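Every number in this text was worked out from the coordinates using simple rules, so none of it is lab data. In this text, all values refer to a predicted model and were calculated from it rather than measured experimentally. Here the Cβ positions follow ideal geometry from the backbone for every residue, glycine too, while neighbour counts run over all protein chains shown.
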Amino acid sequence: MADIFIGTLGGTIAMTRAAGEGGVTPKLTAADLLAAVPGLDPALSVQSESVLQVASASISLRDMGRVLDWANRAASQGARAVILTQGTDSMEETAWFLDLFWAHDCPLIVTGAMRAADGAGPDGPANLAAALRVAQAESARGRGVMVVMNEVIHSAKRLRKTDSLSTDTFSSGTTGPLGRVIEGAPVWFRPAAPSDPLPAPQSFDHDVAILSFGIGQSAALLRHALSAPEFSAVVLAGFGSGHLPADLMAHIDTSTRPVIYCSRCSDGPATRATYGYPGSEVDLQARGVWPGDWLGPLKARILIWAIEAAGLADPRAAFEARAGV
Ligand code: ASP
């Protein structure tokens with residue numbers, strides 16, 4: 001039995017450029033990624049598998065169901081830790097998806113890279129090395145799904161990609177990261193929090209829309225999202241702490257699906273009781289729109305999708321229980 005299972009999903013960490021290609025594409029296997037990690041402990045037993053080979057914007061929720069099954073199998077077979085490597089573009093969504101369903105003490109660590117494997121100073125090997133260090137630590141047990149990038153350990157819930165290219169792209173915002181990898185071992189800034197995993201997803205056919213708003217935007221997309229049968233829920237990425245223009249409020253209809261308001265800002269919560277003007281959070285809630293609380297639109301979308309996939313009887317209570325800090 002291997003100590004650590006590594007599943008690779010593609011992403012920049014696995015990308016190189018072949019002659020004649022316009023840019024880098026995912027090619028490297030799990031074995032290639034491991035071979036690039038300097039000073040790998042020869043006593044460490046690692047089992048690796050290439051699970052997907054895609055750019056992370058192309059990972060579907062159905063793919064994530066398969067990745068979750070793969071990771072669950074590894075944990076049930078006695079893995080000490082599971083590591084997934086993937087693209088950074090959707091990492092804040094995929095890690096949160098996994099965290100919502102992860103029911104093991106065994107840590108699940110997600111990592112990737114901002115620089116391609118064949119460029120100058122690729123960060124992939126260092127990130128995988130740091131993820132392995134966290135994976136080997138007894139103190140990582142019971143901490144659910146974490147993202148290790150740039151030697152910083154983020155919770156799956158708080159992590160956001162903040163810069164399209166910088167190697168220092170990930171931030172846990174106001175609440176800060178969980179810890180850092182210092183001299184080859186994790187240093188934790190806070191204790192492990194208890195988790196309340198959702199039952200495994202039963203359905204993958206539903207879709208949740210995110211609508212972002214700019215000044216003067218018409219009601220066309222809002223009307224469509226709130227009436228289209230394809231959408232089982234709608235997340236509104238509103239101004240400031242979650243507001244909509246007053247003239248759009250007449251189009252809000254929460255009678256057929258959950259509608260959730262979040263902030264379109266890169267940090268901070270959607271408020272509940274600060275503003276009372278038309279289009280404010282007070283107005284939205286009076287019309288049945290749920291507060292996204294501390295979740296940004298991407299995380300709120302994954303949460304309501306997961307709750308619907310799990311078929312919970314009281315989606316609102318399940319959402320509220322997980323949307324806080
Ligand atoms: N730019 C991306 C990355 O950092 C590509 C992807 O997400 O697959 O990995």
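Tabulated values for the structure
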item: 3J(HN,Hα) from dihedral phi, region 161-170, Karplus parametrisation 6.51/-1.76/1.60, rounded to Hz, x for glycine, proline; result: 7, 10, 9, 6, 10, 5, 5, 9, 7, 8
item: In sequence order, calculated HN-Hα J values of region 256-262 (Karplus, 6.51, -1.76, 1.60; Hz; x Gly/Pro); result: 10, 6, x, 10, 10, 9, 10
item: Relative packing of peptides 149-160, 238-249, 59-70 - highest average C-beta neighbours within 10 Å first; result: 149-160, 238-249, 59-70
item: For the chain: relative contact order, % (alpha-carbon pairs under 8 angstrom, 6 or more apart); result: 13 percent
item: Sorted peptide list for 217-226, 8-17, criterion being average Cβ within 10 angstrom, highest first; result: 8-17, 217-226
item: Amide N proximity, region 251-265 versus residue 227 label position 7 Å along Cα-to-Cβ, cut-off under 13 Å; result: 251-253
item: Fully extended contour minus Cα-Cα distance, from residue 219 to residue 141, at 0.36 nm per residue; result: 23.3 nm
item: HN-Hα J in Hz across region 89-94 - Karplus 6.51, -1.76, 1.60, θ = phi - 60°, x for Gly and Pro; result: 4, 10, 4, 5, 8, 5
item: Amide H contacts of residue 50 (H built 1.01 Å from N, under 5 Å, at least 5 apart or other chain); result: 8, 30
item: Calculated FRET value between residue 192 and residue 103, using beta carbons and R₀ = 22 Å, to 0.05; result: 0.90
item: Overall Cα dimensions of the chain, principal axis frame, Å, largest first; result: 64, 47, 35
item: Spin-label pair residue 272/residue 286, simplified geometry with 7 Å Cα→Cβ offset, distance in nm; result: 1.8 nm
item: Computed [θ] at 222 nm, helices only, for the chain once each DSSP H run of length n ≥ 4 contributes -39500 (n - 2.57); result: -7500 deg cm²/dmol
item: Cross-link reach list, aspartates and glutamates versus residue 299, counting only Cα pairs under 17 Å and skipping chain neighbours closer than eight places; result: 89, 92, 93, 99, 196, 207, 267, 308, 320
item: Residue 89 long-range amide H proximity, modeled H, under 5 Å; result: 56
